[in-house]
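Engineer: Okay, handing you the structure first.
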Amino acid sequence: MKKSLILAFGCAMVAISASAQNAQEVTYVEDPAQGYTFNRFKDNWFIQLEGGAGVGFTSYDSHRNFGDRFAPAASLEIGKWFSPLLGARIGGDFMSVKGLTQPGHFNFPYGVVEEGKLIKDQYNKTKANYFGATFDVMLNLSHWWCGYNPNRVYNAYIYAGGGLYWDFVKFAKGDDKEAKWHRGQDRVIAIRAGLTQEFNISKRFALGLDLRATAFDNHLDGDNGTAIYAEALLTATIKLGKVDWTAPIVPVCPPAENCDEYRARLQAADARIADLEAQLKACLNRPVEKVVEKVPAAPLATIYYPIGSYRLTSVDRKVLQSVANVMKGDTNKKYTVTGWADNYTGTDAVNKRLRENRANTVAKQLVRYGVNEGQFTTTTNNGNRVDLGDKCLTLDRCVTIVED
């Protein structure tokens, strides 16, 4: 095993042991430093009511007194913050625009006037009320620049969007000599942008100031130019659902314990590993000793018998005659004649007698063939010859002649 694997295993065991000991001490808390996750869709909604005044800047408006150009404005918005930075809102908007136009420059056949008044035959006063549906995208500057703080009192956010407006103007229609309010049959597309400064009175209610500029097509001055309408609106915001943002949940682990004991144990293990590596290297460099396995010599001859018999057949005698010739060829060699019987059949006394008779019969036959009795010894073996079970009993009923 490599040193790195042993060290890794040791470190893992230490970590598991420490984790098991401190498992009850780990706590889980929200960590704003990790950022904020998206809340549920039903959270962070708001309803916003705005009211104030606005002033228009059209082609001929500079000829009308500035103080006389202010007109009311209001809106009702429903919105949602999708993150601490980004949100969107939709709603309905009302703008009343006062201005001037030259006589004869009217968009409608009977004139567009305010209360039918004419100023020194030079300009007509005009007034139009615009009602529209709006949509804005919002960016919270406070959270962007200063980071999210759920307890911040002051928040500022910018927004940009647009709307589709329908105008209502006062003019004489048909035989009616008195100017009345009629829908001007004019649809106006507008774009707008603004800055809202908001003060949180509580978690669910805020007051603020909205400064807004709206650009739209002006069809009242006669030149079909672009009008700019500036507004200052007081806002009241009611917040719905969850108002704070959820931070990721992270584990807080207890302080690490003193690891000097583990370092000492790792150093001791390192020393043992170095010693084992040295021993392994020495072992690999040691010459390999050749081991010659001594194979037991095979019997010079084996004589097999039927069950319960110890008599020699003519074939057995011929085999023994050949064995005797070999033994007489070198009288310095010694031999052992061993009688065997199977232990699965017969009694111990019968088998003992069979072993003795078989060994003695072979010994006498060798002597008859001229072998000196001092050249061999006769014995018996109480075990099985091959010990392969009762299916090989015939191999256990024999006499073996083995060179010593």
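Please treat every number below as a calculation from the coordinates, not as lab data. Bear in mind that the values here come from a model prediction, so they are computed numbers and not experimental data. Backbone-built Cβ (ideal geometry, glycine too); neighbour counts: all protein chains shown.
Engineer: When you count, for each residue, the other Cβ atoms within 10 Å and take the mean per peptide, how do 126-137, 307-318 rank with the highest first?
Structural biologist: Going by the mean number of other Cβ atoms within 10 Å, highest first, we get 126-137, 307-318.
Engineer: Please work out the C-alpha center-to-center distance from segment 204-219 to segment 337-386 and express it in whole Å.
Structural biologist: Computed from Cα coordinates, the inter-centre distance equals 126 Å.
Engineer: With a point put 7 Å past each Cα toward its Cβ, work out how far residue 290 is from residue 345 in nm, to one decimal.
Structural biologist: According to this spin-label approximation, the distance is 4.9 nm.
Engineer: While we're looking at this one, here's another question. Taking H placed 1.01 Å from N in the peptide plane, check which residues at least 5 places from residue 53 or on another chain put their amide H under 5 Å from its amide H.
Structural biologist: 73, 232
Engineer: Taking only the alpha carbons of segment 38-88, what extent do you get along each of the three principal axes, in Å, biggest first?
Structural biologist: If we take the Cα atoms of segment 38-88, the spans are 53, 18, 12 Å.
Engineer: Could you sort the peptides 271-279, 226-234 by per-residue average Cβ neighbour count (10 Å cutoff), highest mean leading?
Structural biologist: Per-residue Cβ counts within 10 Å, averaged per peptide and sorted highest first, yield 226-234, 271-279.
Engineer: Starting at the first residue of segment 255-265, write each ³J(HN,Hα) from the Karplus equation 6.51 cos²θ - 1.76 cosθ + 1.60 with θ = phi - 60°, in whole Hz, x for Gly and Pro.
Structural biologist: Rounded to whole hertz, the list is x, 5, 7, 5, 9, 4, 4, 5, 5, 5, 5.
Engineer: Here's another thing I want to ask about it. If I model a spin label as a point 7 Å beyond the Cα along the Cα-Cβ vector, how far apart are those points for residue 326 and residue 270 in nm?
Structural biologist: 6.9
Engineer: Of the listed peptides 40-46, 389-395, what is their order by residue-averaged count of other C-beta atoms within 10 Å, with the highest listed first?
Structural biologist: 40-46, 389-395
Engineer: Let me ask another. Apply the Karplus parameterisation 6.51 cos²θ - 1.76 cosθ + 1.60, with θ equal to phi minus 60°, to every residue of segment 237-244 and state each ³J(HN,Hα) to the nearest whole Hz, in sequence, with x for glycine and proline.
Structural biologist: 10, 10, 9, 10, x, 6, 9, 8
Engineer: Related question: Tally Lys/Arg at +1 and Asp/Glu at -1 over every other residue whose Cβ is under 13 Å from the Cβ of residue 192; what's the total?
Structural biologist: Charge balance in the 13 Å sphere: -4.
Engineer: Same structure, new question: What residues qualify as long-range amide H neighbours of residue 162, i.e. H under 5 Å apart, gap of 5 or more or another chain, H built at 1.01 Å from N?
Structural biologist: 135, 192
Engineer: Suppose R0 equals 45 Å. What FRET efficiency, 1/(1 + (r/R0)^6) with r the Cβ-Cβ distance, do residue 76 and residue 256 give to the nearest 0.05?
Structural biologist: For R0 = 45 Å, the calculated efficiency reads 0.20.
Engineer: Working from the alpha-carbon coordinates of segment 297-404, get Rg over Rh, Rh being the Kirkwood radius.
Structural biologist: That ratio equals 0.97.
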